[in-house]
Structure formats: C-alpha cells, structure tokens
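Q: Right, I'll just put the structure down here and ask away after.
The values are calculated or read from the model by the stated rules, or taken from the named source; none is laboratory data. This one's a predicted model, so the numbers in the text were calculated from it and none came from an experiment. With ideal geometry, Cβ positions are generated from the backbone for all residues, glycine too; neighbour counts draw on all protein chains shown.
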Amino acid sequence: MTPSPPAASGSSPATPMQATVGVEVPAVQRVVESLAELADDSSVPRNIRRGAQSARDALSKPRVALDVRIASAVYVLDDLANDPNIPTHGRTAIWSIISNLESIQ
C-alpha cells in the first residue's frame, strides 16, 4: 500500500504574508516620500540624512515582505530618534514616520 501524494499547493489561497510581497501600499509610498524629505533636509546632521535614506531603501525593496521592510525601517529610525545631535523638528518627523509605519498592517 503506497501513501497518497500530497495535495497540490496551488489550490490554497495566498497567506497574508505572501500577498504583501511586491505590493506597494499607498501609506508606504507616503512614508517613503516623508523619508525622502528628511534625507534632503540640510538642517539635520548628515548621519540622520543617511539613516533616513537607509530606512527609505529598506522600505523600497520589492522582493521582501511588507512586514519585514517595515520592521527594518522602524529599527533604523528608532536608532536615529535616540541620537543626541538630532534637532527637535527632525526627531518629531522621525516619530511621525515611525507612527505611520506602525499603523500599516
């Protein structure tokens, strides 16, 4: 007696994780634009601008799941928000961006 073959995997619906890979969410696009503005702001230190660009790059990776991209960006931004050299308006912008990222599914 031989075991029956496993069911085809193509018949099951996509999991939420699979559905978000490569899909651009409008809220993510707004966050990417906010990060671009922060990266171009000459009134914040260079390391903060580089970090904003790094977070932007992390969010823009098309082949990575959305939740992983968001977690990577939040990790970078959290380090930036704790930098003692960041001006108040830069820290507020980072907190706002983090809040927007955390509100995305």
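Q: Scan the stretch 74-95 for residues that are exposed (fewer than 13 other Cβ atoms within 10 Å of the Cβ) and not in a helix (DSSP H, G or I) and jot them down.
A: Matches in the stretch 74-95: Asn82, Pro84, Asn85.
Q: Among what's in the stretch 19-47 and is in a helix (DSSP H, G or I) and more than 19 Å from Leu77 (Cβ to Cβ), pick the residue that is modelled with the highest pLDDT.
A: In this case the residue turns out to be Pro26.
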